[in-house]
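First the structure, in the form of structure tokens, and then the observations on it.
The values are calculated or read from the model by the stated rules, or taken from the named source; none is laboratory data. On a predicted model such as this, the values are computed, not experimentally measured, just so you know. Ideal geometry is used to build each Cβ from the backbone, glycine not excepted, and the neighbour counts take in all protein chains shown. Heads up: the accessible areas ignore ligands, DNA and RNA and are worked out on the full protein's heavy atoms, side chains in. Shrake-Rupley method; radii C 1.70, N 1.55, O 1.52, S 1.80 Å.
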Amino acid sequence: MHKKNVRDRLILSLVLSSAISSALIVSCTPAKGESAERVSTAPLGVKTCIAEYRTIPEEVSGFGSLSFLKKVDITSSQEGTIKSIERREGSPVRSGMILAVLENPQIELAVGRARNAYDQAVAALELARARLLEGEFQSEAKILDLEKTEAELAQARREYQEQERKLRDQEALFAAGGVTEESIRSARFALDASRERLRLQEQDLAIRWVGLRVQDLENSGIAVPKTPEALLKARIALATTTLRAELRAAEARLDAAQKELESALLAQKELTILSPMAGQIAARYMEIGERVKRDDKLLTLMDTQSLYATIPVRERDAQRILPGMVARLDVDGAAGSCTAQVDLVAPTADNQSFTFLVRLLVDPQGVQKLRLKPGMFARATIKLGSERKILLIDEIALADKQGDRGRVFLIQRNQAAERTVKLGDLYGSSREILEGLEAGQVLVQKPDIGPGGLKDGAYVEIVQ
């Protein structure tokens, strides 16, 4: 059995050797019109690619790194000694969170003094109000007493008039001999005494009305009211002018004391340093127990949720990018992509690279979802318009590039045919061809193979 298998294998080998020899003889036989030199040269094995139309989105891409948009240096508004620092480098913080606490005994004493002065001013104001109220009552009582005196004076005038009438009657009787001379003399003396008392009462009343008269109201700039009730209030206000001034002075002192207290409390409040925004502690410059002066830097806080990417773009692309355009951001090390928005296009180009910098604001939701951090490397793609159809070849099919021109080799009947093409943009590993090729043509990949590279008319064979 073993000998039979060996014999079968030998027969199969002889058959295969005969077939290969026949094939070599046929392949080496010159075709009609071919030169002997061509037949004797072995074909050069090459790999190929095809020029084809592809639909390319109208967009521009660039690489850059992520940076934080907001950075705040936390400084001390007051002098003091650091009592505590609640956060260290890398710690996340919320807006309004306590970052550090300072101690300053002088500020605490100033708060106590200001509070005492405020309490005294409150008491002085209450006293001034009480005095004004008492003065208004006294003034009203005085005015009512004066009005009562005026009524009594009017009654005295009527009594005097009655005495004058009686004296005239007695004078008539005296002339007729009806009364004695002594009686008429006594009546005359009593009338003179009543007249003098009436004059003194009028003078006393006039003296007591000084400061409350109508002309006093006018001289003080107070319009004379028409009704008795309003006139009474106006006279009371005139009589208590000094007390009202004292009340205003007490109110001013209270206002000053209140501002002084607020200033002291503000200084005390500034000893507790709060975070102005949410973010992360980037740096810490002081330790517990150190003495800090006003405006000394304690911490640096950065907003890790507000990130931006800066990418360079070519001059012609920069002209088409506008603020507000949406971009896709792919970040190395992040599982996925997120959106961003064009915030700024640099007004001037870089003198060395001749590119414009574009700043993209990253979507905060994408920052949280992908857990992005400043310093990460990102690729941004900005969509400029609708898709377009262009002719593309593999970049490795170009033999030589000079400006917007290049050389490629077509494969025609196992021969390499050189062509000069006009080049467009580069899309990944593919190059846009503007002129010189048609879709479906087969090109040689890596035409620089062999000594001196591939030549026009070279005999080639496609290999995989």
Single unsatisfied condition, residue 385 versus (1) surrounded by fewer than 12 Cβ atoms within 10 Å (Cβ to Cβ); (2) out of contact with any strand residue (DSSP E or B) (no Cβ under 7 Å at 6 or more places or on another chain); (3) over 26 Å from residue 360 (Cβ atoms): (3)
Pair list, Cβ < 8 Å and 6+ apart or interchain, from region 206-217 residues that are part of a helix (DSSP H, G or I) to residues that are surrounded by 13 or more Cβ atoms within 10 Å (Cβ to Cβ): 208/142; 208/146; 208/149; 216/238; 217/234; 217/235; 217/238
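Take residue 369 and tell me if it is surrounded by fewer than 18 Cβ atoms within 10 Å (Cβ to Cβ) and either in contact with a Gly (Cβ under 6 Å, 6 or more places away or on another chain) or part of a strand (DSSP E or B) (or both). Explain how you work it out, then say what you get.
Working: surrounded by fewer than 18 Cβ atoms within 10 Å (Cβ to Cβ): yes; either in contact with a Gly (Cβ under 6 Å, 6 or more places away or on another chain) or part of a strand (DSSP E or B) (or both): no.
The answer is no for residue 369.
Given the criterion among the hydroxyl-bearing types (Ser, Thr, Tyr), touching a helix residue (DSSP H, G or I) at 6+ places or on another chain (Cβ under 8 Å) and within 30 Å of residue 104 (Cβ to Cβ), identify the matching residue among 263, 275.
On the way: 275 fails: touching a helix residue (DSSP H, G or I) at 6+ places or on another chain (Cβ under 8 Å).
Just a single option satisfies the conditions, and that option is 263.
Where residues in region 221-278 are among the β-branched types (Val, Ile, Thr) and more than 51 Å from the chain's Cα centre (by Cα), which of them is most open to solvent (accessible area, probe 1.4 Å)?
Once the filter is applied, the top-ranked residue is 242.
For every residue, the table says whether it meets (1) open to solvent by 60 Å² or more (accessible area, probe 1.4 Å); (2) free of Cβ contacts under 8 Å to residues at least 24 places away in the same chain; (3) among the polar types (S, T, N, Q); (4) touching a Cys at 6+ places or on another chain (Cβ under 8 Å).
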{"site": "159", "(1), (2), (3), (4)": "yes, no, no, no"}
{"site": "166", "(1), (2), (3), (4)": "yes, yes, no, no"}
{"site": "175", "(1), (2), (3), (4)": "yes, yes, no, no"}
{"site": "186", "(1), (2), (3), (4)": "yes, yes, yes, no"}
{"site": "194", "(1), (2), (3), (4)": "no, no, yes, no"}
Given (1) in a loop (DSSP other than H, G, I, E, B); (2) modelled with pLDDT of 90 or more, index of the condition residue 374 fails: (2)
Test result for residue 146, within 22 Å of residue 242 (Cβ to Cβ) and of a type outside the set (Lys, Arg): yes
Residue list for region 196-220, filter: more than 29 Å from residue 164 (Cβ to Cβ) and surrounded by 13 or more Cβ atoms within 10 Å (Cβ to Cβ): 211, 212, 213, 214, 216, 217
Of the criteria (1) surrounded by fewer than 15 Cβ atoms within 10 Å (Cβ to Cβ); (2) within 18 Å of residue 211 (Cβ to Cβ); (3) of a type outside the set (Val, Ile, Thr), which one residue 142 fails: (1)
Residues located in region 418-453, provided they are more than 15 Å from residue 49 (Cβ to Cβ) and either open to solvent by less than 40 Å² (accessible area, probe 1.4 Å) or among the basic types (Lys, Arg) (or both): 422, 423, 424, 425, 453
Search result, residues across region 280-322 that are open to solvent by 90 Å² or more (accessible area, probe 1.4 Å) and closer than 28 Å to residue 368 by Cβ: 322
Flag if residue 190 is surrounded by fewer than 11 Cβ atoms within 10 Å (Cβ to Cβ) and either touching a residue at least 60 places away in the same chain (Cβ under 8 Å) or in a helix (DSSP H, G or I) (or both): no
